Amino acid sequence: MADKGQAIERLQVLREQLRFHAHRYYVLDDPVIADGEYDRLFRELLALESAFPELVTEDSPSHRVGGRPLSSFAPAEHRTPMLSLDNILSVEELRAFEEKLLRFLKSDQPVCYICEPKLDGLAVELVYQDGLLVLGSTRGDGWVGENVTAQLKTVASIPLRLLGSASEGELVVRGEVFFSNSGFARLNEQRAQAGEPLFANPRNAAAGSLRQLDPKVTARRPLQFYVYGVANPEPLAAESQEKVLHRLAELGFPVNPLIRPCTSITAVEQMFHHLLELRHGLAYEIDGLVVKVDDLGLQQRLGATARAPRWAVAWKFPALQATTVIEAVEFQVGRTGAVTPVA
Ligand code: IVH
């Protein structure tokens, strides 16, 4: 057994290595060691931390496995309100959005946009203090959400500590937590076998998994995360949404690789149709295209209404409609006697 001095040193090395390899695996999709080797490092960390519980730190990768259950979620006030987005459904409405922007700015200069897939999950806020994740919350009513820090720490692609040189001060990051389609199907299969009620869609599965008082339950659910913005861009020294996302990737956040800059409304329109074609081949659900003014100075000038920013809009995909035939209905009886009809 190591003495405490050796344990301190070894823990530091292990955490550094695990952070590096988790980023390679979960964020970059490009692991450089075998899964078994990663597991060995992780088990060594857990063993050392259980031998020296006083050496467990807030940002230890061991928090990924979930801590003590909570009795209720504490409220968490957002640094600035988490707004919604106005929806549009056609290219005519997209053009009207741009005309309104230009009128508001009293400008006839072309505007550059960033186009992002609209993920169908749930919005969360992550607060980093001096590079350390200190608070994670749901959107709630936009002003006050629920403190789900312990649950969010179990999401493998959310950094517990930012990469790179020490980041001083506060950084407030926002993004979407979601389920992949395959993760959702697997979870529902398990639930059907256990006689538990099924989730209606990946969005509900994500919400149900995050809002678990016991973070160990959340830890067993394959939640994913993509970052899409910050509440306070100042610490990033970026002048555009594109740079913000670039900086966030450098700090270790997963950024959706389908995000593209578009220098005209025609380019936005092309991107919409491109995404609509890709939609069903993607591993996760998206329900539209978010179009954002790229320049942060223009965003600031445009501001927001009580509900939504004037510098962004959600171009929703047409609602999915399909006809199918139910071939059979099976009634599954679970352990508890609950009967679940499965079509
Ligand atoms: S930006 C102030 N970007 O859509 C800007 N939102 O209706 C607000 N969403 O609650 C959000 N993908 O959960 C933004 N790339 C994206 C998004 C996105 C999905 C969700 C988000 C928000 C809702 C707005």
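Some observations on this one:
- Per-region count, region 104-128, residues more than 14 Å from the ligand (Cβ to nearest atom) and at pLDDT 95 or above: 7
- Residue among T266, T340, T305 that alone is surrounded by fewer than 17 Cβ atoms within 10 Å (Cβ to Cβ) and either within 15 Å of the ligand (Cβ to nearest atom) or more than 21 Å from I88 (Cα to Cα) (or both): T305
- Leading residue by the ranking (surrounded by the fewest Cβ atoms within 10 Å (Cβ to Cβ)) among those in region 162-189 that are of a type in the set (D, E, K, R) and within 20 Å of R79 (Cα to Cα): E168
- Within region 146-180, if we keep just the residues that are assigned to a helix (DSSP H, G or I) and out of contact with any strand residue (DSSP E or B) (no Cβ under 6 Å at 6 or more places or on another chain), the residue that is farthest from the ligand (Cβ to nearest atom) turns out to be A150.
- Strands (runs of 3 or more DSSP E) wholly inside region 234-343 that include at least 3 residues being at pLDDT 95 or above and either among the hydrophobic types (A, V, I, L, M, F, W, C) or farther than 30 Å from P81 by Cα (or both): 286-293, 312-316
- Considering S90, S84, the condition of being under 28 Å from the mean Cα position of the chain (by Cα) and free of Cβ contacts under 8 Å to residues at least 12 places away in the same chain is satisfied by S90 alone.
- The listed residue being in a helix (DSSP H, G or I), crowded, with 18+ Cβ neighbours inside 10 Å and touching a residue at least 12 places away in the same chain (Cβ under 8 Å), out of R10, R95, R15: R15
- Screening region 136-145 for residues that are surrounded by 18 or more Cβ atoms within 10 Å (Cβ to Cβ) and in a strand (DSSP E or B) and picking the one that is farthest from the ligand (Cβ to nearest atom) gives G136.
The values are calculated or read from the model by the stated rules, or taken from the named source; none is laboratory data. None of these values were measured; they are calculated from a predicted model. Glycine also receives a Cβ, built like all others from the backbone with ideal geometry; neighbour counts cover every protein chain displayed.
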